[in-house]
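What follows is a short report on a single structure.
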Amino acid sequence: MAKALGIDIGGTGIKAAVVDTGTGELVSERLKLPTPVGGTPEDIVKTVVRLLDDLGGVEDAVPMGVCFPAIVRNGRTMSAANVSKKWIGLEAEKMFEHALGRDIHFVNDADAAGYAEVRYGAARGVSGLVVLTTLGTGIGSALIYDDTLIPNSELGHLQMRGKDAEKRASFAAKERGRLSWRAWAGRLQEYYTYLESLFSPDLFIVGGGVSKSHEEFLPLLHLQTAIVPAVHRNNAGILGAAALAAPVPPASPAPTFETSAR
Ligand code: BGC
């Protein structure tokens, strides 16, 4: 069995588990600790080290993927919407590798969730453009075209009514404003209609913890694009981070070409 460890760092919780990257099943217990208040690099790194200890030490040969709620470019975190601003510009991947004493694969959290849906969920085998959004503390997004992930799309920061869309339409915005499902769906309608007009996607996938209540709000949306809940919900970040860290199994044998010598 090919195994990899996935760690999902979010605005409110940090989760970890070992994944069978062939099937996308969790093969260890799933541990969760709250994201430290303030979300500073030192505190988050300490929490990740603790989670790994709590998992009982995972062999170094097991690849490890970590996903994080920020733009990630060449191992650096380039934004910080729901964590400390100290992350901006930081060599985060190196920092985690130093603290954990092992190599990691480091990606944006919504990109990890999108990849999990491509490998093991609702985007599997879907051709064309899939737009996955995670509705949580913020809004994360992943663009997937014919199974290929286009990273760092950050569609939660599109401007709507003079504000970042995530400030109006994330699940946290619903809770902050004590919005009914219907009132929140009104905001989501506006958001997804905007995404539709920009991207003409073939499928929307809605992830984040609230997608377990999809029956409360997805039927209230009227879009031209099919919109479905993510299959993996809250585990998508763990699965995607693990899968991205593991070597991809070849889909089919590489073609061989005969050359004819003249
Ligand atoms: C961040 C994204 C992240 C999303 C979900 C946004 O505020 O900018 O990078 O993917 O929240 O966590």
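The values are calculated or read from the model by the stated rules, or taken from the named source; none is laboratory data. Source: prediction; values computed, not measured. Positions of Cβ are backbone-derived with ideal geometry, glycine not excepted, and every protein chain shown enters the neighbour counts. With ligands, DNA and RNA removed, areas are computed over all heavy atoms of the protein, side chains included. Shrake-Rupley method; radii C 1.70, N 1.55, O 1.52, S 1.80 Å.
Observations on the structure shown:
- For the stretch 88-105, the tally of residues that are on the phi > 0 side of the Ramachandran plot and either within 13 Å of the ligand (Cβ to nearest atom) or modelled with pLDDT of 95 or more (or both) stands at 1.
- Test: residue in the stretch 83-98 that is part of a loop (DSSP other than H, G, I, E, B), under 18 Å from ALA116 (Cα atoms) and small (Gly, Ala, Ser): no
- Counting only residues that are within 19 Å of the chain's Cα centre (by Cα), more than 11 Å from the ligand (Cβ to nearest atom), hydrophobic (A, V, I, L, M, F, W, C) and open to solvent by 20 Å² or more (accessible area, probe 1.4 Å), the stretch 54-87 holds 0 of them.
- Listed by first and then second residue, the pairs linking a residue in the stretch 216-243 that is farther than 16 Å from ALA110 by Cβ and part of a loop (DSSP other than H, G, I, E, B) to a residue that is aromatic (Phe, Trp, Tyr) and open to solvent by less than 50 Å² (accessible area, probe 1.4 Å), with Cβ atoms under 8 Å apart and 6 or more places separating them unless they lie on different chains, are LEU221/TYR192; LEU223/TYR192; LEU223/PHE204; THR225/TYR192; THR225/PHE204.
- All conditions but one from (1) open to solvent by 40 Å² or more (accessible area, probe 1.4 Å); (2) closer than 15 Å to GLY13 by Cβ; (3) more than 16 Å from the ligand (Cβ to nearest atom) apply to GLU42; the one that does not is (2).
- Of the residues LEU26, LEU5, LEU100, the single one that is under 18 Å from ASN235 (Cβ atoms) and either in contact with a helix residue (DSSP H, G or I) (Cβ under 6 Å, 6 or more places away or on another chain) or open to solvent by less than 30 Å² (accessible area, probe 1.4 Å) (or both) is LEU5.
- Yes/no for ALA112 being touching a strand residue (DSSP E or B) at 6+ places or on another chain (Cβ under 9 Å), in a loop (DSSP other than H, G, I, E, B) and crowded, with 20+ Cβ neighbours inside 10 Å: no
- Of the helices (runs of 4 or more DSSP H) lying entirely inside the stretch 135-213, the ones with 3 or more residues being within 11 Å of the ligand (Cβ to nearest atom) are found at 165-169.
- Filtering the stretch 1-53 to residues that are more than 18 Å from the chain's Cα centre (by Cα), within 23 Å of LYS86 (Cα to Cα) and of a type in the set (Ser, Thr, Tyr) leaves THR40, THR47.
- If you go through the stretch 196-212 and pick out every residue that is more than 12 Å from LEU143 (Cα to Cα) and not small (Gly, Ala, Ser), you end up with 5.
- Verdict on SER180 being out of contact with any Asp or Glu (no Cβ under 8 Å at 6 or more places or on another chain), farther than 30 Å from GLY22 by Cα and open to solvent by 70 Å² or more (accessible area, probe 1.4 Å): no
- There is at least one residue in the stretch 154-166 that is among the aliphatic types (A, V, I, L, M), at pLDDT 95 or above and open to solvent by 30 Å² or more (accessible area, probe 1.4 Å).
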